[in-house]
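Each value in this text was obtained by applying a stated rule to the coordinates, not by laboratory testing. Computed from a predicted model, the values in this text were never measured in an experiment. Cβ sites come from the backbone with ideal geometry, for glycine too, and all protein chains shown count toward neighbours.
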Amino acid sequence: MKLMTWQEIPIGGLILEAGNAKKFLTGDWRSQRPILDEEKCINCLTCFMVCPDGSIVLKDGKMSGFNYDYCKGCGICAYECPVKCITMKPEEDFR
């Protein structure tokens, strides 16, 4: 994708058709990263239901991790988790 100046970006941005947001990996905006403690997780899937980015990865109907390509680190999953099996860590700890 060619880099554009702000004047060249069309009204509405670059997401002009349904489904093309997948082309834009937005996880690099993150300042906090969710970390799962699998031993505490009861697979209630509350995190899956509240994640605004659809970044909760399920495998066989159970929470198996995060899609960090799209997770923006908002912390909603950690805040809403009833057993607090998700904690937020500074992204700089993983660079």
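Here are the numbers:
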{"read-out": "Built amide H within the under 5 Å cut-off of Phe66, gap 5+", "value": "Val57"}
{"read-out": "Inter-label distance, nm, simple model (7 Å from Cα along the C-beta direction), Asp93/Glu38", "value": "1.9 nm"}
{"read-out": "Cβ-based exposure ranking for Thr5, Thr87, Thr46, in which fewest neighbours within 10 Å come first", "value": "Thr5, Thr87, Thr46"}
{"read-out": "Against the rule of thumb 2.2 N^0.38 Å, how large the Cα Rg of region 49-91 comes out", "value": "1.10"}
{"read-out": "Estimated vicinal HN-Hα couplings, Hz - region 80-95 in sequence order (Karplus 6.51, -1.76, 1.60; Gly, Pro = x)", "value": "8, 4, x, 10, 6, 8, 10, 10, 9, 10, x, 4, 4, 5, 10, 9"}
{"read-out": "Residue order, fewest to most beta carbons within 10 Å, for Met63, Met88", "value": "Met88, Met63"}
{"read-out": "Fully extended contour minus Cα-Cα distance, from Trp29 to Phe48, at 0.36 nm per residue", "value": "4.8 nm"}
{"read-out": "Exposure proxy order (Cβ contacts within 10 Å, fewest to most) of Glu92, Glu39", "value": "Glu39, Glu92"}
{"read-out": "Which listed pairs, of Lys23/Lys72; Lys62/Lys84; Lys23/Lys89; Lys40/Lys72, have C-alpha distances above 18 Å, in listed order", "value": "Lys23/Lys89; Lys40/Lys72"}
